[in-house]
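I have placed the structure first, in the form of structure tokens, so that the comments after it can refer back to it.
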Amino acid sequence: MGENPSLQSTMMEHLKLARVLGALEIRFDPDKCKGVRQCYAVCPVGCWTPDGEGRKIIFQYPERCIACGACVLQCPEHAIELR
Amino acid sequence: MATVFMKWLEQNPRDYDRGIRWLTLGQLDPLKEKIAREYVREGMRILEIGCGTGTLTMLMAGQGGTVSGIDASPTMLGEAQKKIGASAVGDHVTLTQMDATVIGGRFPPESFDLIVSTLVFSELPLEDQRCVLKACAGLLAPGGRLLIADEVIPSHPLIRPVYSLVRLPLVLLTWLMTRTTTHSLSDFDILLARAGFRPGIGASFLGGSLILYTADPAGRTPPGTEPPVAGHLRHRITLRAILVDLWALFFRIIPPYPKVRPGLYAVGNPTPDSPVLVTGNFDLTVRRLVQSIDGRLDAWVLVADSSGINVWCAAGGGYFTADKVIAAVRSSDVEKVVNHHALILPQLCANGVDGWRIRKETGWGVHWGPVRAADIPAYLAANRKKTDAMRRVRFPLKDRLEMVSVTVGFYGLLILVPVFLFWRSLLLPIAASLLGLSYFYAVVHPWLAGRDGLQKSIPLILIALAGLATYQMLGNAMPAPQIFHWAVGVTGLAFFTAAELQGMSPLMRGEQANWSREAVVGLALFGIYWLVPLAAGWR
């Protein structure tokens, strides 16, 4: 089995993914935000809060993030990154 | 562990090429050479739908054609890019990642002299086949031609049984070695004629089971288009539903996944004003959606192709995308059925389905519905307003029990089958430990200390070892080597059960995040299991 390139590349890819996934963090740039609140509409764990005086959205609960990437994909202003 | 298995299921391009070569008994390459030699002329503008790893693309460019190759799979395209970029014909080839079903909107009308597609149509649902053919008719310049090579179920009554007999073991072997399989078309010439082409057969291989269709636009649209609605969906408890549920309870990660044919379905008695709910085509997903709304509201359910996977996982894995939803909108002709332009998508596909792409390409509005289908009636009653509870995932006991059953099914196969075959006397105690630990974990999961599966595995291991010690003290004294084996065994079971459930929990990052550590612990346990008896002189 060790000779099988697909199995080996599968393992290596998996280890790489493991390293990346564990460390991913949301980077939010409030200056780019125009307040469409798609992130709020799609976040399944409630990281985003829409209130706050004068602010459009707050990334309030970073510890809840499961790195699913929904807010990153749905933000029309590319104000959110997952790195 | 389960994710490693899932990863293995994903084919890589090299495997795919190998698998296809086996399934077509080596006849695909001569077929491709024939296409390039006989149908491609200098300066032709060619669209190749599903260029895969680019074998035919190169051949056609080599004959002087200018080829636009599209494929839905980025890995395949990557392989094609490697091959073509290094060759002399690179300037005559453009590769783009695209679903076949969206070509109509991505290329200008009448912009190709030849459209070629090998082994793509057999992978598409019937609605999508129709939609792509219609788009091809519009993309062909006057005098242009469509070529489709695909596997076909032979029509000859004598050849058909031979075909089935040869094909079954071939399909099984090929899938096991390369995770590649294909389906076969039937009555494709009729479909071509209905889409407005004059069908012909350019070549026939393998007793008529691999055919090259030539299709020239007939110059007129055929009369009588089929009604867009694929059928009615009702919530019914049937024997099939029960059997599928039972299978899915334990073995849902093992393909083939039970699927629903993509298309537009009616639930209740929907009118043109009724909402359009989009979902994936995993059988369980569709049935649970219908169960939540049937009898409570009238709606259109637009089932998009998610490769038979639930929407969240399919979107995360790249199987459920904006292209798939756009394809469903286009090929279902939902526009002719309703008088509004609002799609309601499951919130949990937002990690992979780009809502802005759908809005831009179709002009339809995209609304993110609730996480759970059960909240849809309330969500619609509130004019598509979600409460915070509707947008949040939970992991209640019922879901935990269901997900633990999936790990039990997977580990059951992995552990209990070999135990049954080789150490039958141990089957009962090992099965009891596996089931006991797994379901115990499902129940106490929220109260165990630790934020992720790995941390939670520590209290679970301690509890398991305490259970073992109690058993030992209650007068079932075992000799030291046996206690040792059991201790290592339950530690491993508890560790992997806890780590595994993380991948099934919606509240934690994927299990993959821990995978490297899981591997280390697994190896360490194996080392202990091997070395301690040697050191103690038990072996």
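No value in this document is a laboratory result; all are computed from the given coordinates. Remember, predicted model here, so these are calculated numbers, not experimental data. Neighbour counts run over all protein chains shown; Cβ positions are idealised from the backbone, glycine included.
Order of B:Glu500, B:Glu402 from fewest to most other C-beta atoms within 10 Å?
Details: B:Glu500 27, B:Glu402 15.
So the residues, fewest neighbours to most, are B:Glu402, B:Glu500.
Antiparallel DSSP bridges in chain B: what percent, to the nearest 5? Can you show the working numbers first?
Values: 20 of 54 bridges.
The antiparallel fraction comes to roughly 35 percent.
Assuming R0 = 35 Å, what is the FRET efficiency of B:Leu168 and B:Arg236, from their Cβ-Cβ distance, to the nearest 0.05?
Values: r = 32 Å, r/R0 = 0.92.
Efficiency at R0 = 35 Å is approximately 0.65.
In degrees from 0 to 90, rounded to the nearest 10, what is the angle of the helix B:126-139 Cα long axis to the longest principal axis of chain B?
The answer is roughly 40 degrees.
Å³ per residue of the Cα convex hull, for chain B?
Values: hull volume 102.4 nm³, N = 539.
Normalising the Cα hull of chain B by residue number yields 190 Å³.
Taking the Cβ of each residue in A:Val45, B:Val286 as the centre, tally the other Cβ atoms inside 10 Å and list the residues starting with the fewest. Show your work: numbers first, answer last.
Values: A:Val45 18, B:Val286 21.
In increasing order of surrounding Cβ atoms, one gets A:Val45, B:Val286.
What do you get for the angle between helix B:28-39 and the principal long axis of chain B? Use alpha-carbon atoms, 0 to 90 degrees, nearest ten.
Value to nearest ten degrees: 20.
Counting other Cβ atoms within 10 Å, keep those with at most 11, restrict to DSSP loop, and tell me which GluC sites (Glu not before Pro) in the stretch B:15-54 are left. Could you put the intermediate results ahead of the total?
Details: sites: B:Glu33, B:Glu38, B:Glu42, B:Glu48; in loops: B:Glu42.
Those that pass, being in a loop and sparsely packed, are B:Glu42.
Could you put B:Thr271, B:Thr101, B:Thr285 in order, starting from the residue whose Cβ has the fewest other Cβ atoms within 10 Å?
Working: B:Thr271 11, B:Thr101 27, B:Thr285 24.
By the 10 Å Cβ count, ascending: B:Thr271, B:Thr285, B:Thr101.
Going out from 0 in 10 Å bins, what whole percent of all Cα-Cα distances in the protein assembly as shown drops into each bin?
The distribution over the protein assembly as shown is 3, 14, 23, 24, 19, 11, 5, 1, 0, given as percents.
Check chain B and count each lysine pair with an alpha-carbon distance under 26 angstrom, considering only pairs eight or more places apart or from different chains.
27
Pull up the DSSP beta bridges for the stretch B:186-289 and report the antiparallel fraction as a percent, rounded to 5.
Working: 9 of 12 bridges.
If I count the DSSP bridges inside the stretch B:186-289, around 75 percent turn out antiparallel.
From Cα pairs below 8 angstrom and at least 6 apart in sequence, can you work out the relative contact order of chain B, rounded to a whole percent? Kindly include the intermediate steps, with their values, before the conclusion.
Working: 860 pairs, mean separation 51.0, N = 539.
Dividing the mean separation by the residue count of chain B yields 9 percent.
Where in the stretch B:232-288 are there trypsin sites (Lys or Arg not before Pro) that are in a DSSP coil and have at most 16 other Cβ atoms within 10 angstrom of their Cβ? Don't jump to the answer; show the numbers that get you there.
On the way: sites: B:Arg234, B:Arg236, B:Arg240, B:Arg252, B:Lys259, B:Arg287, B:Arg288; in loops: B:Arg234, B:Arg236, B:Arg252.
Answer in residue order: B:Arg234, B:Arg236.
In Å and whole numbers, how far do the C-alpha atoms of the stretch B:362-501 stretch along each principal axis, longest first?
Its Cα atoms span 71, 33, 21 Å along the three principal axes.
Please flag any cysteine in the protein assembly as shown that has no other cysteine's Cβ under 4.7 angstrom from its own Cβ.
If one checks each Cβ against the other cysteines of the protein assembly as shown, A:Cys33, A:Cys43, A:Cys47, A:Cys65, A:Cys68, A:Cys75, B:Cys51, B:Cys131, B:Cys136, B:Cys313, B:Cys349 turn up with nothing under 4.7 Å.
What share of Cα pairs, in percent, lie more than 16 angstrom apart in the stretch B:144-190? Working shown, then result.
Working: 559 of 1081 pairs.
Value for the stretch B:144-190: 52 percent of Cα pairs lie more than 16 Å apart.
With both partners inside the protein assembly as shown, how many of the DSSP beta bridges are antiparallel, as a percent to the nearest 5? Show your work: numbers first, answer last.
On the way: 25 of 59 bridges.
Here the share of antiparallel DSSP bridges comes out near 40 percent.
Could you give the angle, 0 to 90 degrees to the nearest 10, between helix B:515-536's Cα long axis and the longest principal axis of the Cα atoms of chain B?
In chain B, helix B:515-536 runs at an angle near 40 degrees to the longest axis.
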